[in-house]
1. Give, in nm to one decimal, the length gained when the segment between ILE287 and GLU125 is fully stretched (0.36 nm per residue of separation minus the Cα-Cα distance).
2. Compute the FRET efficiency between ALA307 and LYS452 as 1/(1 + (r/R0)^6), taking r as their Cβ-Cβ distance and R0 = 45 Å, and round to the nearest 0.05.
3. In region 4-194, with Lys and Arg counted as +1 and Asp and Glu as -1 at Cβ, which of these residues, SER121, ILE159, SER72, has the Cα nearest the positive end of the dipole, that is, farthest along it?
4. So what is the 222 nm mean residue ellipticity for the chain from helices alone, if each DSSP H run of at least 4 adds -39500 (n - 2.57) and you divide by all residues, rounding to the nearest 500 deg cm²/dmol?
5. What is the dipole size for region 280-369, taken about its Cα centre, with +1 at each Lys and Arg Cβ and -1 at each Asp and Glu Cβ, in debye to the nearest 20?
6. Where does helix 24-39 land angle-wise versus the long Cα axis of the chain, in degrees 0 to 90, nearest 10?
7. Run the numbers for ASN103 and ARG33: contour at 0.36 nm per residue of separation, minus the present Cα-Cα distance, in nm.
8. May I ask for the angle, rounded to the nearest 10°, between helix 456-468 and the longest principal axis of the chain, with both axes built from Cα atoms and the value confined to 0 to 90°?
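We did not get these values from a lab; they are worked out from the coordinates using the rules stated. Just so you know, these numbers come straight off a predicted model, no measurement behind them. For neighbour counting, all protein chains shown are included, and Cβ atoms are generated from backbone atoms with ideal geometry for every residue, glycine included.
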Amino acid sequence: MTTLLEKVTRLNEIGIALSAERNVPVLLEKILRNAKLLTNADGATIYTVLPDQKVRFEIIITGSLGYYHGGSSGEPITFSAIDLYLSDGVQNNRHMVAYAVNNKTSVKIDDAYVAEEFDFSGTREFDKATGYRTIAVLTIPIMNHEHEVIAAMQLINPIDSITQAVTTFTLEDLQLSESLASQAGVALANQQLMENQLALSNSLIRLFAEAIDEKSPAEGNHAKRVPIVSEMLAEAVNNTNDGPLKKIHFSDDQLYELMVAAFLHDCGKLITPSYIVEKKNKLETIIDCIELINTRIEVMKRDAKIALLEKKITPQVYEKEIQDLENNQKLIDRCNTCEEPITPEIEKLIDSLVFLTPDEKEAVLIPRGNLTKKEHVIIQHHVEITQRMLGQLVLPKNLEEVVEIASNHHEWVGGGGYPRGLIKEQLSLRARILAISDAFEALSAPDRPYKKRLPLPKIYEIMEKMVKEGHLDPDLFEVFQKQNVGQEYVKHYCAPD
Ligand SMILES: [Fe+2]
Ligand SMILES: [Fe+2]
């Protein structure tokens with residue numbers, strides 16, 4: 001690199017490259033390597049300023065020694081961070097880097113062994129250990145748009161391109177390095193800001209998932225687990241080399257969008273009445289009806305006893321009445337806790353019991369799960385609430401499809417799902433991935449109070465039936481099966497029992 005024009009052109013290119021970089025460690029490395037190149041320095045170090053008033057070494061390069069630590073080198077840096085302040089609270093201005101950071105100023109030294117204003121004992125130790133000789137040193141602070149120092153770079157021993165001897169840094173070197181530092185500051189601050197924003201959004205999304213899971217303790221960690229299954233299935237689609245999905249490849253952005261949708265897909269459940277989402281047994285409503293029924297049975301048993309004492313019934317009739325009541329009580333109890341499969345005989349028997357109200361009979365006779373038809377309608381409503389809630393978010397372009405993906409997780413590919421009864425062609429592939437993941441998580445969950453955990457072959461059998469009946473996407477289910485998504489999930493995320 002010779003002429004100034006070439007250097008300035010290079011500086012512009014660096015600026016563009018830096019503003020496009022999305023990864024802070026890579027960005028630091030680019031800044032450092034370009035500063036080294038612009039000044040033809042043999043050595044270069046980049047530091048970041050930590051919140052606890054220290055400056056940490058990030059990358060150290062000494063070209064002539066082949067020394068490269070930190071950054072993407074894989075070699076750790078063993079030097080401890082530099083204190084900006086001494087223990088008595090005074091600025092550590094004898095250290096050149098601390099001085100540059102504390103005073104927001106560049107420092108240029110022509111010979112480190114002669115300069116008296118700074119303590120170069122650390123540098124001398126490094127030199128002693130490596131046989132190096134540090135001569136010229138240039139330290140530049142890197143500031144953000146608020147004029148706060150967020151990083152610093154130090155360049156060592158510029159090499160004369162003709163004589164190949166170590167020379168001193170020129171005023172031009174200083175100005176070019178400062179220009180680079182100001183571009184680097186903007187790029188670094190932007191990137192840190194973006195990373196902070198992303199971390200905040202991610203933690204808010206997880207906070208929501210946490211709230212959803214807390215609201216529905218009966219569903220265990222559903223909101224936090226569905227994203228895991230969704231990601232595994234989407235990766236499986238990416239790895240598929242045959243079948244109708246072989247050409248599909250989700251980008252990182254698309255995978256992230258799916259993750260966000262998966263974390264938030266049941267956010268509408270925050271609005272569902274607690275007595276429904278927390279419901280364990282069939283007869284639980286706002287009050288637990290099993291208590292009322294048990295009280296009624298006790299009253300009937302007492303009435304029978306009175307009738308016996310008043311000699312209105314014989315001891316044999318009394319015994320039979322008590323026996324019948326107790327048998328019915330036990331049966332209702334088993335139905336209530338979903339332990340008793342509802343057969344036509346049981347239906348007939350429950351129906352004949354005069355001490356149950358029609359609502360109670362309906363509840364006791366629920367054939368699957370623990371929810372009545374009315375409660376099903378209320379709980380199904382959560383998807384519409386999800387859609388409404390997510391629809392109010394101001395979503396950036398890369399997350400625009402979150403609403404569609406999240407609010408279609410109960411739609412069936414063959415139509416007939418809820419809330420809109422859409423069909424496959426109207427559903428995005430990621431919405432269909434979420435639907436399968438949602439079903440699989442619900443079936444594989446170990447912690448549902450109204451059902452025992454199912455073994456994997458049984459889960460696959462149920463899912464196959466759901467595919468045949470047009471609920472789940474057959475192509476996706478094929479990938480799910482072929483790539484053992486279920487096995488891998490159970491292996492890694494379900495405790496053995
Ligand atoms: Fe749902
Ligand atoms: Fe769900």
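1. Numbers: separation 162, 0.36 × 162 = 58.32 nm, distance 7.71 nm.
The span from ILE287 to GLU125 would gain 50.6 nm if fully extended.
2. With R0 = 45 Å, the Cβ-Cβ based efficiency is 0.60.
3. SER72
4. Details: 18 runs with 261 residues, N = 497.
After summing the helix terms and dividing by the residues of the chain, the value is -17000 deg cm²/dmol.
5. Details: 14 positive and 19 negative charges, 49 e Å.
Computed about the Cα centre, the dipole is about 240 debye.
6. For 24-39 against the chain, the angle is about 10 degrees.
7. Working: separation 70, 0.36 × 70 = 25.20 nm, distance 2.47 nm.
Going from the current span to full extension adds 22.7 nm.
8. 80
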